[in-house]
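Read the structure below first, then the notes.
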Amino acid sequence: MNEILAKMNIKLKNTELLKTALTHSSYANEHEHVHNYERLEFLGDAVLELVTSAYFYNHTNLKEGDMTKLRANFVCEHALATYAKDLGIDKEILVGEGQKHNLNDTIIADVFEAIIGAIYLDQGFKVAQKYIETIVVPYIKENSDFNTDYKTKLQEYVQMGKKSLVYEVTKEYGEAHDKTFEVVVKIDNIIYGRGIGKSKREAEQKAAYDAYQKSAS
């Protein structure tokens with residue numbers, strides 16, 4: 001992670017902050033005196049929203065509602081997880097033994113925000129702003145679409161061929177307040193896509209995205 005930040009000329013003085021930003025609660029629960037990223041994520045989320053809001057205010061003439069929709073596309077879970085994976089952050093996350101096979105986009109997106117929180121605390125707002133804009137602005141300029149309703153797109157695609165479309169929950173695990181769902185989507189009874197999410201809707205969207213990429217390519 002230090003190498004990733006070094007490429008942007010960012011170096012944290014407090015390396016423990018960075019370790020905390022990369023630590024999931026499952027890992028912290030298995031090790032004494034280790035903190036998880038949740039508080040840093042809360043802070044990073046606020047900084048991310050401010051920086052992206054300011055960017056759209058300063059670089060567009062859009063109305064408030066349109067800026068809100070545009071911002072939502074670039075700060076949604078799918079977007080944040082994509083940024084993190086492209087940087088290689090997902091490979092640096094510390095999770096417990098029971099979580100190793102469930103490093104989903106929710107965790108990856110949370111860590112992305114926690115790192116922003118760590119940078120803000122250690123280096124201040126300007127450096128955090130530079131970090132966010134360096135990563136996010138190229139996606140904005142490419143008009144990347146992270147917030148598309150792929151269930152609707154897949155439904156429309158399947159209807160053209162008059163095929164059947166079914167979503168099935170294949171697995172669910174975790175405490176009642178912290179469930180994780182695994183879903184498959186079948187087209188004419190053949191599995192085309194799979195998705196994992198913290199809700200059935202999120203898992204279905206990810207399965208639909210997976211299926212749409214395969215079926216429409």
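General observations
- Failed condition for Thr68, given (1) modelled with pLDDT of 95 or more; (2) among the polar types (S, T, N, Q); (3) open to solvent by 60 Å² or more (accessible area, probe 1.4 Å): (1)
- Answer residue from region 20-64, given it is closer than 24 Å to Gly174 by Cα and hydrophobic (A, V, I, L, M, F, W, C) and is farthest from the chain's Cα centre (by Cα) among those: Val34
- Residue, farthest from Asp145 (Cα to Cα), within region 184-205, restricted to residues that are within 15 Å of the chain's Cα centre (by Cα) and in contact (Cβ under 8 Å) with a residue 40 or more places away in the chain: Lys198
- Only one of the numbered conditions (1) open to solvent by less than 40 Å² (accessible area, probe 1.4 Å); (2) farther than 20 Å from Phe74 by Cα; (3) within 18 Å of the chain's Cα centre (by Cα); (4) not hydroxyl-bearing (Ser, Thr, Tyr) is not met by Leu17, and that is (3).
- Criterion (of a type in the set (Asp, Glu), surrounded by 14 or more Cβ atoms within 10 Å (Cβ to Cβ) and in contact with a helix residue (DSSP H, G or I) (Cβ under 6 Å, 6 or more places away or on another chain)) met by exactly one of Glu77, Glu92, Glu38: Glu77
- Region 154-166, subset without any contact (Cβ under 8 Å) to a residue 60 or more places away in the chain and open to solvent by less than 70 Å² (accessible area, probe 1.4 Å), residue farthest from the chain's Cα centre (by Cα): Gly161
- Flag for Tyr120 being at pLDDT 95 or above and open to solvent by 30 Å² or more (accessible area, probe 1.4 Å): yes
- The residue of region 183-208 that is nearest to Val158 (Cα to Cα), among those that are among the basic types (Lys, Arg) and touching a strand residue (DSSP E or B) at 6+ places or on another chain (Cβ under 8 Å), is Lys186.
- Counting only residues that are open to solvent by 40 Å² or more (accessible area, probe 1.4 Å), at pLDDT 85 or above and closer than 22 Å to Leu103 by Cβ, region 192-203 holds 3 of them.
- Gly98 fulfils the conditions (1) open to solvent by 30 Å² or more (accessible area, probe 1.4 Å); (2) closer than 23 Å to Tyr212 by Cβ; (3) in contact with a helix residue (DSSP H, G or I) (Cβ under 9 Å, 6 or more places away or on another chain) except for a single criterion, (2).
- Being open to solvent by 30 Å² or more (accessible area, probe 1.4 Å), of a type in the set (Asp, Glu) and either farther than 27 Å from Lys200 by Cα or modelled with pLDDT of 90 or more (or both) is a description that applies to Asp86.
- Residue identified as surrounded by 11 or more Cβ atoms within 10 Å (Cβ to Cβ), closer than 23 Å to Tyr37 by Cβ and either more than 21 Å from the chain's Cα centre (by Cα) or without any contact (Cβ under 8 Å) to a residue 60 or more places away in the chain (or both) among Val127, Val111, Val136, Val169: Val127
- Taken over region 159-217, the criterion of being of a type in the set (Val, Ile, Thr) and farther than 23 Å from Glu77 by Cβ is satisfied by Val166, Ile187, Ile190, Ile191.
The values are calculated or read from the model by the stated rules, or taken from the named source; none is laboratory data. Fair warning: this is a prediction, and the values are worked out from it, not measured in the lab. We place every Cβ from the backbone using ideal geometry, glycine too, and count neighbours over all the protein chains shown. Ligands, DNA and RNA are excluded from the accessible area calculation, which covers all protein heavy atoms including side chains. Shrake-Rupley method; radii C 1.70, N 1.55, O 1.52, S 1.80 Å.
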